[in-house]
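Have a look at the structure below before the remarks.
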Amino acid sequence: MIINFLGHLHPVFVHLPIGFLALAYVIQYLFKSNTEKSRLIDFVLVAGILSSLLAAFFGWMLSLSGGYEENLLDWHRYTAIAVCVVSIALLAYKKYKKEEYRTPYYHAGFHLMMLTLLLAGHFGGEMTHGEGYLFSEATDTETGVVVEKQKITTLTAASTVSVYDGIVEPVLAQKCMQCHNQKKKKGDFQLHTLEALMKGGKNGKAIVAGDLDHSEFIRRILLDKGDEKHMPPKGKSQLTQPEIDLLSWWVLHGVSTSQSVKAVSANDTIRKFLSDARKQSAGPAALDSIAPADAASIAALKKINVAVVPLATGTHFLELNMVNAPSFGDKEAPLLQKIAPQVMWLVLADTKITDAGFESLKSCANTTRLNLKNTAITNASIALIGQFKKLEYLNIVGTNIDDAGLLGLTPSATLKKIFCWQSGITTNGVMAFQKKYPNIEIDFGEKK
Ligand code: HEC
């Protein structure tokens, strides 16, 4: 709770260091030098440093609540730390040099501070507004996710492509390569090429052909989902059972690179995998099966600071996130009506939405994730939530929904998980619900 609150201060405070440090820069380079100016710069730099430390602290709190694209978060975090370090070093240098501070080092430091400031601001903006989505192109070509997906869906039992090229690599590209690739080496492990995959990571070889128990690569996948060492890490897109079986089969059968799909297509594991892949690609929510969203609605939403982000490159499905639009409420909700079919992830957490406004969101028929955390939503909206027929994740943490509401929910057949701590719901309600729907996981958190 307190972490949440502190995190929310980040967007408020983050503009102060930008203002102060940029002001120091302007004073340094636009005004004639004299002792007054030097003292003014000291003062503004101190203000900039203090506020950047505060903003960094709140930012750290905010990052704990999760939900940000990791790549961008890393960039933002490191450039923001650089701002703090460089500005402190600059002031220290200036004080140390006293009157003779205007050396080339001083100027280089000043420019560097501006540069890190611009970068940190830029990455922060990208992360929350998602406007340019600067790196989505890069990561997609880097890991080939889009291409790889097509590769799998065109596979048939008669394909002569090898199991490695046709199945193993595309699966790894989709589920592992965003963290283990030529640029990112989490755990000092890469798997964008077969050589890298065989070489392993900081704990040594990842694969022992024919031996699942001694293959770290398989061991990590098979670990319990809650285990810290489980791969892919918690919260990331997980491997499906047919994918796990397929990877295990491949390691057990000698890590072949030449065996064709056709040669082994009679095998149960391979057959299941192929039929599952076909099912997934034919699913109603195949990512390319929707028309572009109404541009005017998107513009209107962006104007009130709603982050409108495509779920992947090349798709018209959207994530809508109100993290920067806390005043979003019932009056603004109708803005979503025209783009409702495209809204796949809907994050209304911490907004002013109430049951009245929620009514106008009922046409979001393709929404798979709905986050209503810390809103005034009550049991009155439960029937409506039940109408989100494709819902997979529902977050009603901190709402007024209680046991009667939870038990009144007719969940969609696709619903996997409900997050509901700090609401009116009690352990009794959770237990009764679980009895009715044992396959839906309930995250009740810890009572804080
Ligand atoms: C969101 C990022 C992320 C994704 C996605 C991811 N990993 Fe990892 N992986 C990590 C991190 C971080 C570590 C290092 C920490 C640790 O050892 O748990 C790691 C470590 C590993 C290691 C241990 C390497 C060693 O020698 O210590 C293996 C093996 C591994 N990952 C396999 C996989 C596989 C297979 C997938 C896909 C099914 C995958 N990872 C997906 C982040 C990720």
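Things to note:
- Thr368 vs. criteria of a type in the set (S, T, N, Q) and without any contact (Cβ under 8 Å) to a residue 60 or more places away in the chain: no
- Options Phe217, Phe273; residue that is aromatic (Phe, Trp, Tyr) and either away from the ligand (no atom under 14 Å from the Cβ) or loosely packed, with under 13 Cβ neighbours inside 10 Å (or both): Phe273
- Test: residue in the range 73-84 that is at pLDDT 95 or above and touching an Asp or Glu at 6+ places or on another chain (Cβ under 9 Å): no
- Residue match in the range 177-200 (condition: within 13 Å of the ligand (Cβ to nearest atom), closer than 19 Å to Arg271 by Cα, surrounded by 14 or more Cβ atoms within 10 Å (Cβ to Cβ) and of a type outside the set (Gly, Ala, Ser)): no
- Applying the criterion of being within 8 Å of the ligand (Cβ to nearest atom) and not acidic (Asp, Glu) to the residues of the range 220-234, the residue that is nearest to Ile418 (Cα to Cα) is Pro233.
- Taking first residues from the range 332-350 that are touching a residue at least 24 places away in the same chain (Cβ under 8 Å) and polar (S, T, N, Q) and partners that are outside any loop (DSSP other than H, G, I, E, B) and surrounded by 18 or more Cβ atoms within 10 Å (Cβ to Cβ), the Cβ contacts under 7 Å between residues at least 6 apart in sequence or on separate chains come to Gln342/Leu318.
- Neighbours by Cβ (under 7 Å, 6+ apart or cross-chain): first from the range 423-437, in the same structural domain as Leu406 (by TED's automatic domain parsing); second exposed (fewer than 13 other Cβ atoms within 10 Å of the Cβ) and at pLDDT 90 or above: none
- From Leu394, Leu335, residue being under 22 Å from Ile425 (Cβ atoms) and assigned by TED's automatic domain parsing to the domain that holds Thr426: Leu394
- Hey, Ser87 of a type in the set (Gly, Ala, Ser) and in contact with a Lys or Arg (Cβ under 8 Å, 6 or more places away or on another chain) or not: no
- Of the listed requirements (1) at pLDDT 95 or above; (2) at positive phi, Val46 misses just one: (2).
- Looking only at the range 1-49, and only at residues there that are loosely packed, with under 12 Cβ neighbours inside 10 Å and among the basic types (Lys, Arg), the one that is farthest from the chain's Cα centre (by Cα): Lys32
- Looking only at the range 239-270, residues that are more than 15 Å from the ligand (Cβ to nearest atom) and under 32 Å from the mean Cα position of the chain (by Cα) come to 2 in all.
The values are calculated or read from the model by the stated rules, or taken from the named source; none is laboratory data. For clarity, every value in this text was computed on a predicted model and none was experimentally measured. Virtual Cβ from ideal backbone geometry, glycine too; neighbours counted across all protein chains shown.
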